[in-house]
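What follows is one structure encoded as structure tokens, with my remarks underneath.
The values are calculated or read from the model by the stated rules, or taken from the named source; none is laboratory data. None of the values given here were measured: they were computed from a predicted structure. Neighbour counts are summed over all protein chains in view; Cβ atoms, including those assigned to glycine, are modelled from backbone coordinates with ideal geometry. Note: accessible area is taken over every heavy atom of the protein model, side chains too, but ligands, DNA and RNA are not part of it. Shrake-Rupley method; radii C 1.70, N 1.55, O 1.52, S 1.80 Å.
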Amino acid sequence: MLSRRTLMGAISAAALIMGTPAMAQDELFIPLVSKGFQHQFWQAVQAGAEQAAAEEGVRITFEGPDNETMVDRQIDMLAAALANNPAAIGFAALDSQAAIPLLRQAADAGIPIVAFDSGVDSDIPVTTATTDNRAAASLAADKMAELIGGSGTVAVVAHDQTSRTGIDRRDGFLDQIEAKYPDIQVVTVQYGQGDQLQSTEVAKAILVANPELDGMFGTNEGSAIGVVNAVRELGTQGVTIIGYDSGKAQTDAIREGLMAGAITQNPVGIGYETVKAAVAATKGEDLPKIIDTGFYYYDQSNIDNAEIQAVLYD
Amino acid sequence: MTTVTTNAPASIVSKILAALMHQRLLAFASLIVLLIVFSFASPNFMQMSNMIAILQATSVNGVLAIAATLVIITGGIDLSVGTMMTFCAVMAGVVLTKAGLPMPLGIIAAIGTGAFCGFCSGTFVAKLKIPPFIATLGMMLILKGLSLVISGTRPIYFNDTPGFDQISRGSLIGDVLPFLPIPNGVLILFIVAGVASYILSRTVLGRYCFALGSNEEAVRLSGVNTDRWKIAIYALSGAIVGIGGLLIASRLNSAQPALGLGYELEAIAAVVIGGTSLSGGRGTIIGTLIGALIMAVLTNGLRVLSVAQEWQTVVTGAIIILAVYADMMRRRKAA
């Protein structure tokens, strides 16, 4: 009996080791802990990161928790990444405060942290590679106002309230509407956790409660797709939808005319700049506080332009 | 054939002790093998900081798994441990941050909330005769929603309660022995495990836990008020989940209201790997603890080896199936 359970443990462990990549000791190792694999967005970030890693000759890993609520799992991943004494770390915080003690530990050990996508409420990271989400969401508000004629009612389907991106995109949109468009009323802000199904139900409820709604803004890929699904399923007419990021569902919706337009970040650029910055940090170079990776508004008219296509992903 | 003899306590005790011995050795051996294998595979695995990271990662899941063990031994199951943990964390947040009350009250609030929720689940199962799977499934959804409602869907930070994060992150052991900075969260896990183990093996409540799981009808026919004992067990389990809520809130220095769904499956996985049978009547806390450690060691080891993330859950799932199968084989041979 002792041997059976032990054998089982040994077999499983042996199987794991056979899948282990050989560790090159002279290559710099930079683990990236992102917010998850939930959206194709993160796959695009990974692609950019791997591109930079190949150029710089460093080894990276890219991991994230199963969904964007698992704040403590992300911290466990960060702790495991630190165990390998990396040259630097890339980190996209799910919660802007929860990981700070661990980051401080890493900084004390001399490991530079490069924040990406969502920053942290601290000056520990040497730089943050991100989109200026406030400005991007403000642009979305401007476009929304333009499309609905400067007055009417809108609603927001946001993803979360704990990460920097969630807070900044929601506030960027709301503040711009309040500041420049007094005739537009935001009837509600609801949260779908970035999950398509949840966001669909949330958007449907908003549409049913506000049948004369003029516009809806989805603050990330999952939220925006949820809004599109809701409008499709209810058959509602006359709602102007503005989304965020890309992905096949959104780009198809824009081509069809169901979605008016969307803000795209530069996910490949985010991944790329993060790794580049991490390598620069290991060499002791000075880095700017924020690396603005840029954003664009795209709709049916410019979706096929080369510059837009370069930052879209499927 | 499993029968319970309530007037021959000596045989039950010796039976339980024998099972303890057996299961403890099996699971423990697997854990040691894993540690050895990972240490050879990566020079970075066996460092103090990584061992502490593994223990820290186990603390919350371990406490939830201990709570689940109690219920599973009675032949039930508790799907609500994940969201109940979050709900208790949110209640601590309400008491400490929103109402500004002192820390001990927040701690009592979390544990008390857990005990109350457990009491409710136990009542649904015992008095209303709702199957535990359904009762705790309903509870899981109710608490998931209530967490979001009460917190206003925002995380509640504990910045105004200095020292709260020390419950999990601080290190009393480290203050005394600087080379052993074991976080308090881990210390709490082991204390909870010790107390639960004592309750299971040395108290009447523990005895009835096993009895209800082996043959509830026989216990009832012996004139014992099974309803009362069941509710007590669920309430105790809930109180332990409340401690889990404190741990996660302290670890993140915030109550994250959207978190928790899915954590119950990891807790149950730890219970199963540790050798406790889902049909009830048998189980040990030490087995659960080792099951939780095995999962944490596996996950951490694979991460340190940079094995692709997608494969980590594949391995865990395979281990669960192997563990249950090996356990079934062992019992079939013993019978």
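Observations on the structure shown:
- Excluding same-chain neighbours fewer than eight residues apart, the aspartates and glutamates reachable from B:Lys129 by a Cα-Cα span under 20 Å are B:Asp78, B:Glu216, B:Glu217, B:Asp227.
- GNM on chain A, alpha-carbon springs under 10 angstrom: the most fluctuating residue among A:Asp252, A:Asp142, A:Asp286 is A:Asp286.
- Of A:Lys35/A:Lys143; A:Lys143/A:Lys276; A:Lys35/A:Lys283; A:Lys204/B:Lys144, those spanning more than 30 Å from alpha-carbon to alpha-carbon: A:Lys143/A:Lys276
- Spatially proximal lysines relative to B:Lys127 (Cα-Cα < 23 Å; intrachain offsets below 8 disregarded): B:Lys230
- Computed P(r) (all Cα pairs; chain A; 10 Å bins; percent): 6, 26, 30, 20, 12, 4, 1, 0
- Test item: A:82-95 mean partner chain Cβ contacts at 10 Å: 3
- Less than 5 angstrom separates the built amide H of B:Leu79 from those of B:Thr136, B:Leu137, all sequence-distant by 5 or more or on a different chain.
- A/B buried area, accessible surface, summed, 1.4 Å probe, Å²: 4300 Å²
- Surface accessible to a 1.4 Å probe, per residue, for the residues of the protein assembly as shown, Å²: 39 Å²
- Cα gyration tensor shape for chain B, rounded if a/c is under 1.5, else prolate or oblate: oblate
- Counting only DSSP H runs of at least 4 residues, each contributing -39500 (n - 2.57), and dividing by the residue count of chain B, the helix-based mean residue ellipticity at 222 nm comes to -25000 deg cm²/dmol.
- Cα-based shape type of the stretch A:153-310, given that a ≥ b ≥ c are square roots of the gyration tensor eigenvalues and the cut on a/c is 1.5: prolate
- For the stretch B:164-175, backbone phi angles converted through the Karplus equation (6.51, -1.76, 1.60; θ = phi - 60°) give residue-by-residue couplings of 5, 5, 6, 4, 9, 8, x, 9, 5, 5, x, 5 Hz, Gly and Pro being listed as x.
- Summed residue charge, Cβ within 10 Å of A:Gln193's Cβ, Lys/Arg positive, Asp/Glu negative: -3
- Globularity ratio of the protein assembly as shown, using Cα Rg and 2.2 N^0.38 Å: 1.02
- Pair-distance distribution P(r) for the stretch B:204-287, from all Cα-Cα distances in 5 Å bins starting at 0: 3, 12, 18, 21, 18, 12, 10, 5, 2, 1 percent.
- Cα gyration tensor shape of the stretch A:192-236, rounded if a/c is under 1.5, else prolate or oblate by comparing a/b with b/c: prolate
- Computed label-point distance, nm, for sites A:Leu258 and B:Ile36 using a 7 Å Cα→Cβ extension: 5.8 nm
- Computed [θ] at 222 nm, deg cm²/dmol, chain A (DSSP H ≥ 4; -39,500 (n - 2.57); rounded to nearest 500): -15000 deg cm²/dmol
- Protein accessible area in the protein assembly as shown, 1.4 Å probe - carbon and sulfur %: 61 percent
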